[in-house]
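Here the structure comes first, spelled out in structure tokens, and everything after it is commentary.
The values are calculated or read from the model by the stated rules, or taken from the named source; none is laboratory data. All values reported here derive from a predicted model rather than from experimental measurement. For neighbour counting, all protein chains shown are included, and Cβ atoms are generated from backbone atoms with ideal geometry for every residue, glycine included.
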Amino acid sequence: MRCSTPSPEEAVFLLKKAQETSLQTKRVFSRFSLDISENSEKKKKMGKNNSVDDCTNILEELNAEMVDIYFPVIIFLGITMTFGGIGNCIVAYVYYHRFEITSTQVFVVALAVNDLLTCIICIPIELVILHFSYTFHSDIACRLMRYTVSAAIVNSAFITCIISVDRYIRVCRSLEYQISVEKSKKIVALIIITSAIATSLIPFVFFKNKRMAKHCGNIGEVCSLSESSDFVFGYYIFLTSGACSVFLTLVIIYLLIGIRIWKIYKAKKNIVYKLCISSVISKGLYTNTFLQTSPTKKKRKPMHPVRTNLVLFTISLIWIISYVPHFAAIFFRLFIKAFNENASHTEKVLYKGLLCSFYLSCALNPCIYGLFSQKFRFQLNNAFRKVIHSDH
């Protein structure tokens, strides 16, 4: 039986049919293989999810463990925040509402407000960082929080320095040009801008870093110093130099103020002594009789130079105690390679405690710049009496 030869049109039609059948077969196989791969991926993801859940629990446990380790630091920060917040509120209110508006008043109020904001903003930031030692996931929040804290530190140091300059002008250059109220406000604004610029590199020094977690690898995240120690070391050398300059300025200025007060005290003492002698000679009276009748007797005694020097020394000492340990902690941290993994619990607590030591000045500044002032205590008592009488 002879087979008929298909025409050219039929051959083309059969070829197209074969191609379509082959294409459909490929699609079926590709869908089948895709389903198989999707199923295998799902199984892998299920396995991964189980391990992620386990590691999440481990990270939370490590967080809780670090909170227990940092408990002394947390207590210190809580006490500082409470006393600093209350004290600076009182100082800001009394100096702003009850003192004559002068350059000193502007600077003291600026310092009190800066320390108040430090207590109610920066210390809670530190507490958040301490509570998330392994799960601090936001890099932007880390950089912004550390920048805020650093700007507050520098701002406080600058204002403390300008207060000493203002006091030097008033005590040692009282007959020369004094800082006006308007100029003092401009100086405060300039200090804020300068502090913001001086700490502009902090976001490149502090950011989110990885840290090892047991059984899970390098998956922990912490807000800490950069591991590129060369840049960080150079930057903190710059900041430490600035801090030392401020410290030397404070020491020199307060030393000059102390010398000036001592000279004034000696001069007044000599004048009173000479007046006593001349009065006794002219009237023929005993010295004690003169002291009872002499118009030169003052109702208030001048502040004793020893006490004045003690107050000035206390101001400088508190500044040293507050800031020097902070910079010491930074360099202590830089000299230990892979600090988060290699440091012991004791070293970590020591580091965090020293790092937060500058907050001490925020709590003690109200005592130094306010409570040593007799006028401040008088105005504070009046304010409390008004509050008590208004309740009745």
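Assorted remarks:
- Filtered residues of region 126-169 (kept if in a helix (DSSP H, G or I) and of a type in the set (Ser, Thr, Tyr)): TYR147, THR148, SER150, SER156, THR160, SER164, TYR168
- Flag if ILE129 is among the β-branched types (Val, Ile, Thr) and crowded, with 22+ Cβ neighbours inside 10 Å: no
- Odd one out for ARG211, checked against (1) within 30 Å of LYS337 (Cα to Cα); (2) out of contact with any strand residue (DSSP E or B) (no Cβ under 6 Å at 6 or more places or on another chain); (3) not aromatic (Phe, Trp, Tyr): (2)
- When ASN381, ASN340 are screened for being in a helix (DSSP H, G or I), modelled with pLDDT under 75 and out of contact with any helix residue (DSSP H, G or I) (no Cβ under 6 Å at 6 or more places or on another chain), only ASN340 passes.
- If you go through region 90-102 and keep only what is surrounded by fewer than 22 Cβ atoms within 10 Å (Cβ to Cβ), in a helix (DSSP H, G or I) and touching a helix residue (DSSP H, G or I) at 6+ places or on another chain (Cβ under 6 Å), you end up with ALA92, TYR96, ARG98.
- Hits in region 218-269 (condition: more than 30 Å from THR56 (Cβ to Cβ), polar (S, T, N, Q) and surrounded by 13 or more Cβ atoms within 10 Å (Cβ to Cβ)): SER229, THR240, THR249
- Considering the conditions (1) at pLDDT 90 or above; (2) in contact with a Leu (Cβ under 8 Å, 6 or more places away or on another chain), VAL94 is excluded by exactly one of them, (1).
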